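Reviewing the structure listed below.
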Amino acid sequence: MIEHALPAWMTLQIVGIPTAALIGGVLIGAAAVVLYLSIGRIAGVSGIFFGALNEGGLWRWLFLAGVIGGAWGAVRLWPSLDTLSRPQLGVGWLIVAGLLVGWGTRLGSGCTSGHGVCGLGRLAPRSAVAVLAFMGAGVLTASLFRHWLGVPA
(Lines give C-alpha, C1' and ligand atoms only; values in the text may rest on other atoms or scores of the structure.)
Protein backbone atom coordinates (compact mmCIF):
# COMPACT_ATOMS: atom_id res chain seq x y z
CA MET A 1 0.00 0.00 0.00
CA ILE A 2 1.36 3.43 -0.95
CA GLU A 3 1.52 5.71 2.07
CA HIS A 4 -0.14 9.08 1.62
CA ALA A 5 -0.05 12.06 3.93
CA LEU A 6 -3.21 13.03 5.73
CA PRO A 7 -5.33 15.60 3.91
CA ALA A 8 -4.69 19.14 5.12
CA TRP A 9 -8.13 19.42 6.75
CA MET A 10 -7.33 16.45 8.99
CA THR A 11 -4.22 18.11 10.40
CA LEU A 12 -5.96 21.38 11.26
CA GLN A 13 -7.00 22.05 14.83
CA ILE A 14 -9.97 23.97 16.14
CA VAL A 15 -9.38 25.27 19.67
CA GLY A 16 -6.72 22.58 20.14
CA ILE A 17 -8.95 19.73 18.92
CA PRO A 18 -7.83 17.91 15.75
CA THR A 19 -10.40 18.50 13.00
CA ALA A 20 -10.72 14.79 12.17
CA ALA A 21 -11.46 13.94 15.82
CA LEU A 22 -13.97 16.77 16.06
CA ILE A 23 -15.78 15.66 12.89
CA GLY A 24 -15.73 12.03 14.04
CA GLY A 25 -17.16 12.93 17.44
CA VAL A 26 -19.93 15.02 15.87
CA LEU A 27 -20.81 12.16 13.50
CA ILE A 28 -20.91 9.60 16.33
CA GLY A 29 -23.09 11.91 18.41
CA ALA A 30 -25.38 12.65 15.46
CA ALA A 31 -25.76 8.93 14.70
CA ALA A 32 -26.65 8.24 18.34
CA VAL A 33 -29.27 11.02 18.32
CA VAL A 34 -30.77 9.88 15.00
CA LEU A 35 -31.03 6.28 16.20
CA TYR A 36 -32.63 7.33 19.46
CA LEU A 37 -35.08 9.79 17.90
CA SER A 38 -36.01 7.53 14.99
CA ILE A 39 -36.57 4.16 16.71
CA GLY A 40 -35.94 4.91 20.38
CA ARG A 41 -32.83 2.71 20.65
CA ILE A 42 -29.51 3.45 22.36
CA ALA A 43 -26.44 3.26 20.11
CA GLY A 44 -24.49 0.87 22.34
CA VAL A 45 -22.45 -1.27 19.99
CA SER A 46 -22.19 -4.31 22.28
CA GLY A 47 -25.95 -4.30 22.89
CA ILE A 48 -26.61 -3.97 19.18
CA PHE A 49 -24.15 -6.79 18.44
CA PHE A 50 -25.60 -9.21 21.00
CA GLY A 51 -29.11 -8.21 19.95
CA ALA A 52 -28.28 -8.98 16.31
CA LEU A 53 -27.02 -12.43 17.30
CA ASN A 54 -29.95 -13.24 19.60
CA GLU A 55 -32.94 -11.38 18.22
CA GLY A 56 -31.95 -10.37 14.70
CA GLY A 57 -33.37 -7.19 13.25
CA LEU A 58 -32.29 -5.62 10.00
CA TRP A 59 -31.49 -2.29 11.61
CA ARG A 60 -28.91 -3.95 13.91
CA TRP A 61 -27.12 -5.66 11.03
CA LEU A 62 -27.15 -2.44 8.99
CA PHE A 63 -25.75 -0.50 11.95
CA LEU A 64 -22.92 -3.01 12.41
CA ALA A 65 -22.22 -3.06 8.66
CA GLY A 66 -22.03 0.74 8.74
CA VAL A 67 -19.50 0.71 11.59
CA ILE A 68 -17.26 -1.79 9.79
CA GLY A 69 -17.85 -0.32 6.32
CA GLY A 70 -17.19 3.22 7.53
CA ALA A 71 -13.82 2.25 9.00
CA TRP A 72 -12.91 0.25 5.90
CA GLY A 73 -13.93 3.12 3.61
CA ALA A 74 -11.99 5.72 5.59
CA VAL A 75 -8.79 3.65 5.38
CA ARG A 76 -9.32 3.20 1.62
CA LEU A 77 -9.79 6.95 1.13
CA TRP A 78 -6.91 7.91 3.42
CA PRO A 79 -4.42 5.02 3.70
CA SER A 80 -2.35 6.89 6.29
CA LEU A 81 -5.20 6.30 8.77
CA ASP A 82 -4.23 2.60 8.81
CA THR A 83 -1.82 3.05 11.70
CA LEU A 84 -2.86 0.06 13.78
CA SER A 85 0.00 -2.02 15.04
CA ARG A 86 -0.53 -5.60 14.06
CA PRO A 87 -0.77 -8.02 16.99
CA GLN A 88 2.17 -10.36 17.40
CA LEU A 89 0.54 -12.82 19.82
CA GLY A 90 -1.63 -14.64 17.31
CA VAL A 91 -5.28 -15.30 16.66
CA GLY A 92 -5.80 -17.34 19.86
CA TRP A 93 -5.01 -14.32 22.04
CA LEU A 94 -7.29 -12.13 19.92
CA ILE A 95 -10.14 -14.57 20.52
CA VAL A 96 -9.44 -14.63 24.27
CA ALA A 97 -9.30 -10.81 24.34
CA GLY A 98 -12.55 -10.53 22.39
CA LEU A 99 -14.32 -12.96 24.72
CA LEU A 100 -13.08 -11.03 27.77
CA VAL A 101 -14.29 -7.73 26.30
CA GLY A 102 -17.65 -9.31 25.48
CA TRP A 103 -17.95 -10.72 28.99
CA GLY A 104 -17.04 -7.32 30.46
CA THR A 105 -19.67 -5.52 28.42
CA ARG A 106 -22.33 -7.99 29.53
CA LEU A 107 -21.17 -7.73 33.14
CA GLY A 108 -21.25 -3.92 32.96
CA SER A 109 -24.59 -3.88 31.12
CA GLY A 110 -23.11 -1.95 28.23
CA CYS A 111 -20.00 -0.71 26.53
CA THR A 112 -18.13 2.55 26.11
CA SER A 113 -20.44 3.74 23.35
CA GLY A 114 -23.62 2.89 25.22
CA HIS A 115 -22.52 4.31 28.57
CA GLY A 116 -19.95 6.91 27.49
CA VAL A 117 -21.71 8.46 24.52
CA CYS A 118 -25.40 7.77 25.04
CA GLY A 119 -25.65 7.25 28.80
CA LEU A 120 -23.69 10.34 29.77
CA GLY A 121 -25.58 12.30 27.12
CA ARG A 122 -28.83 11.30 28.86
CA LEU A 123 -27.29 12.11 32.28
CA ALA A 124 -27.81 8.52 33.47
CA PRO A 125 -26.15 8.03 36.90
CA ARG A 126 -25.52 4.34 36.14
CA SER A 127 -23.56 5.34 33.05
CA ALA A 128 -21.49 7.87 35.01
CA VAL A 129 -20.46 5.09 37.42
CA ALA A 130 -19.71 2.72 34.53
CA VAL A 131 -17.58 5.32 32.71
CA LEU A 132 -15.61 6.09 35.87
CA ALA A 133 -15.04 2.36 36.39
CA PHE A 134 -13.87 1.49 32.88
CA MET A 135 -11.79 4.66 32.46
CA GLY A 136 -10.15 4.01 35.84
CA ALA A 137 -9.48 0.40 34.89
CA GLY A 138 -8.04 1.55 31.56
CA VAL A 139 -5.70 4.06 33.18
CA LEU A 140 -4.60 1.48 35.75
CA THR A 141 -4.01 -1.18 33.09
CA ALA A 142 -2.07 1.20 30.82
CA SER A 143 0.04 2.34 33.77
CA LEU A 144 0.69 -1.23 34.82
CA PHE A 145 1.80 -2.37 31.39
CA ARG A 146 3.66 0.71 30.26
CA HIS A 147 5.30 2.08 33.39
CA TRP A 148 5.53 -0.81 35.81
CA LEU A 149 6.17 -3.69 33.41
CA GLY A 150 7.97 -1.66 30.75
CA VAL A 151 5.82 -2.77 27.81
CA PRO A 152 6.31 -0.19 25.02
CA ALA A 153 3.29 1.68 23.68
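Our coupling estimate for region 26-36, obtained by passing each phi through the Karplus curve with A = 6.51, B = -1.76, C = 1.60 and θ = phi - 60°, is 5, 5, 5, x, 5, 5, 5, 5, 4, 5, 5 Hz, Gly and Pro reported as x.
For the chain, carbon and sulfur atoms together expose 73% of the accessible surface, with a 1.4 angstrom probe and every protein chain in place.
Under the convention that each Lys and Arg Cβ holds +1 and each Asp and Glu Cβ holds -1, the size of the dipole of the chain around its Cα centre is about 280 debye. Annotation: for a label point projected 7 angstrom from Cα along Cα→Cβ of Y36, residues of region 95-124 with backbone N closer than 19 Å are 109-124. 3J(HN,Hα) along region 66-73: x, 4, 5, x, x, 5, 4, x Hz, from the Karplus curve 6.51 cos²θ - 1.76 cosθ + 1.60 with θ = phi - 60°, whole Hz, x for Gly and Pro.
Each pair of Cα atoms in region 17-153 enters the Kirkwood radius, and Stokes-Einstein at 4 °C and 1.567 mPa s then converts it into a translational diffusion coefficient of 76 µm²/s. Of the peptides 19-28, 95-104, the ranking by mean beta-carbon count within 10 Å, highest at the top, reads 19-28, 95-104.
The values are calculated or read from the model by the stated rules, or taken from the named source; none is laboratory data. If you're wondering where the values come from, they're calculated on a predicted model, not measured in any experiment. Heads up, the Cβs are rebuilt from the backbone with ideal geometry, glycines too, and the neighbour counts pull from every protein chain shown. The accessibility values were calculated without ligands, DNA or RNA, using every heavy atom of the protein model including side chains. Shrake-Rupley method; radii C 1.70, N 1.55, O 1.52, S 1.80 Å.
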